[in-house]
Amino acid sequence: MMMMTSSRRDFPSISVIIPTLNEASSVGHCIASVTSADVREIIVVDGSSSDETATVAADHGATVIGAPSGRARQMNAGALLALGDVLLFLHADCTLTPQTLPRLRRMMAAGRHRVGYCRLRIDGRHLGYRLIELGSNLRARWLKRPYGDQAMFFRRSTFEAIGGFPDVPIMEDLYIARAARRYGPFLTPPGAVISSAHRWEQDGLVRRTLRNWSVALGEWRGHSLFDLRRRYEQTEQTPRTYRRTPRHGS
């Protein structure tokens, strides 16, 4: 297991848990962004990838375990193995800015906060990405609804008290955020989590954003999460019928 023991015993140790499914092209960058941050361990939980995800993760020094496919199940499996005082859940197509984890550890050492998330940035220059960032960060701050791509983190005792991520097919991040509100204000450390723009570029920025809003609206209306998951996967597999014309500065 990848261990990076802190020399500051008064600071809480951090376990970074990364769920993966066919993320060979991005998981190495994700691991590299936290390797030098004095974390206790990096655990990659793979959901039976058909590519080289597990090999790439192991080559970058992470502990790799397998779990039944499903982000909630994979993250819970990683949490069971983790030894850190704080559990941080990072998507494989995301990276953390260098100052994020050191500042998080210092702020968590004060003992006031038990849950938190990181500010979102998207690795793209299009103005639409700035609007998505703004909306996501305002939603997390004012509605207390951070999503999974905002690198949510919990003190181990708090995560266990919540019961971990609910075993649902989609929107597990929304449900655990709702449960976490009982445990005090959310901490937002300096720095950011940087999400790859690849999926927005692949699907189309507007198309992907509308799909995400449709799923959130469906959950609010009480639709079956299994139906929402199927709808999400069907639209993800549907080929685009248009091409976005590249423009300078986008």
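What follows is calculated from the coordinates using simple rules that are stated; it is not laboratory data. Everything numeric here is computed off the predicted structure, so don't read it as measured data. Methodologically, a virtual Cβ is constructed for each residue, glycine included, from the backbone with ideal geometry; neighbour enumeration extends over all protein chains shown.
Give, as a single signed number, the net charge of other residues whose beta carbon lies under 14 Å from the beta carbon of residue 23, with Lys and Arg counted +1 and Asp and Glu -1. Display every interim value, and only then the final one.
Details: positive: 71, 199; negative: 46, 51, 52, 59, 93, 149.
Local net charge: -4.
Restricting the range 139-180 to trypsin sites (Lys or Arg not before Pro) that sit in a DSSP loop and have at most 14 other Cβ atoms within 10 Å of their own Cβ leaves nothing.
Work through the residues other than residue 124 whose Cβ is under 11 Å from its Cβ and net out their charges, Lys, Arg +1 and Asp, Glu -1.
Working: positive: 121, 125, 130, 199; negative: 123, 133, 201.
Local net charge: +1.
In the range 14-196, the inverse of the mean reciprocal separation of distinct Cα atoms equals 16.2 Å; this is its Kirkwood hydrodynamic radius. Looking at the chain, send over the antiparallel percent of its DSSP beta bridges, to the nearest 5. Taking every DSSP beta bridge within the chain, about 30 percent pair in antiparallel fashion. Taking the helices alone, the chain has a mean residue ellipticity at 222 nm of -12500 deg cm²/dmol, built from -39,500 (n - 2.57) per DSSP H run of at least 4 residues and averaged over all its residues.
Do any trypsin sites (Lys or Arg not before Pro) in the range 68-127 lie in a DSSP loop with no more than 16 other beta carbon atoms within 10 Å, and if so, which?
Values: sites: 71, 73, 103, 105, 106, 112, 114, 119, 121, 125; in loops: 112, 114, 119, 125.
Listed in order of number, the matching sites are 112, 125.
Within the range 6-59, the trypsin sites (Lys or Arg not before Pro) that combine a DSSP coil assignment with at most 10 other C-beta atoms in a 10 angstrom radius are 9.
What relative contact order, as a whole-number percentage, does the chain give when Cα pairs under 8 Å and 6 or more residues apart are counted?
Values: 453 pairs, mean separation 49.5, N = 250.
Reported as a whole number, the value is 20 percent.
Over all orientations, the range 186-227 has a Cα convex hull whose mean projected area works out to 4.7 square nanometres.
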